[in-house]
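To start, the structure under review is shown below, and the notes come after it.
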Amino acid sequence: MRSRGSLKIILSMVLIAVLISGFAFSASAGYFEGFQIVNVKVNGKTVNGDVPAVILNGRTMVPAKFVSEALGADVAWDPVSFTASITQNGMQEAVLDNNTEKLKLHVDIMDLHNQLLEYSDALQMMQISIQFSTTHIDNGVIFSDFMSELDEVMQDFKTGKSSIDQDAQDVINKAKLHNVDISNTISVLNDYNECTEMTEKAMETLIQYYSYRESADADQFLNEYELLSQKMEETNKRLETEYNSNYALIKAF
């Protein structure tokens with residue numbers, strides 16, 4: 001998985017047609033942010049910039065600025081419309097369009113998916129810990145200390161999930177702006193919220209059983225835990241499907 005930072009660096013680059021006269025590529029010169037670097041020559045002269053040309057998903061991506069300037073053109077960037085305009089001999093051409101903004105949106109969606117993957121892993125470890133705690137339920141001191149620590153961890157989880165929800169809202173707003181349907185991702189996000197609530201409820205039921213030793217509470221905990229495990233498994237599969245689908249869209253750009 002690519003990091004959000006490296007993908008956004010690539011988003012600052014534009015695909016330049018390799019048929020431009022005097023424009024050539026040579027062998028790789030290492031890697032930049034995990035992407036293979038390509039040397040660029042204009043009219044036989046090697047040109048370089050702050051960000052190198054790289055190969056991304058089988059395509060050669062070249063920064064518009066240093067190549068255009070090497071060809072005697074000026075480059076202007078409009079951050080509002082996400083348009084880079086190249087001007088040469090009074091002629092101007094916009095080389096970035098709304099598709100670039102959509103690509104950036106899909107990268108943000110991928111970042112959200114990655115956050116949910118990490119959250120899922122942590123939440124599953126939390127559930128395993130709850131299950132493990134039942135082996136100490138007859139030892140009051142150990143069980144109480146263990147559940148107290150788990151409760152603190154759960155509060156940290158909820159804080160972390162709140163941060164993910166904020167990032168998700170930003171993605172949702174951008175998706176609406178560009179008429180991109182992310183309803184499945186939103187549904188997965190809501191399911192993880194439900195899994196968090198189910199985990200917290202299972203903890204409360206287990207503590208109640210420890211306090212009163214009612215068999216009904218024990219049965220309720222086992223039922224809640226089984227439903228939670230099923231929900232987590234289903235949600236994880238849905239997240240994997242959404243991740244792969246979104247990644248395929250990014251590769252298609």
Exercise. For Leu123, are the conditions met, namely being touching an Asp or Glu at 6+ places or on another chain (Cβ under 7 Å), assigned to a helix (DSSP H, G or I) and surrounded by 19 or more Cβ atoms within 10 Å (Cβ to Cβ)?
Worked result: no
For this session: Please specify each residue of the range 45-59 satisfying the condition of being at pLDDT 75 or above, loosely packed, with under 11 Cβ neighbours inside 10 Å and assigned to a loop (DSSP other than H, G, I, E, B).
Result: Asp50
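Lys231 - would you say it is part of a helix (DSSP H, G or I), basic (Lys, Arg) and over 21 Å from Leu112 (Cβ atoms)?
no
Conditions (1) at pLDDT below 90; (2) surrounded by 12 or more Cβ atoms within 10 Å (Cβ to Cβ); (3) in contact with a helix residue (DSSP H, G or I) (Cβ under 8 Å, 6 or more places away or on another chain); (4) not assigned by TED's automatic domain parsing to the domain that holds Asp111, marked per residue:
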position	(1), (2), (3), (4)
Ile137	yes, yes, yes, no
Lys176	no, no, no, no
Ile182	no, yes, yes, no
Ser187	no, yes, yes, no
Asn193	no, yes, yes, no
For this session: List the number of the failed condition for Ile207; all other conditions in (1) over 28 Å from Leu105 (Cβ atoms); (2) within 34 Å of the chain's Cα centre (by Cα) hold.
Result: (2)
For this session: Output yes when any residue across the range 97-108 is assigned by TED's automatic domain parsing to the domain that holds Ser162, loosely packed, with under 13 Cβ neighbours inside 10 Å, at pLDDT 80 or above and part of a helix (DSSP H, G or I), and no when none is.
Result: no
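The values are calculated or read from the model by the stated rules, or taken from the named source; none is laboratory data. Because the structure is a prediction, the values reported are computed rather than measured. Cβ sites come from the backbone with ideal geometry, for glycine too, and all protein chains shown count toward neighbours.
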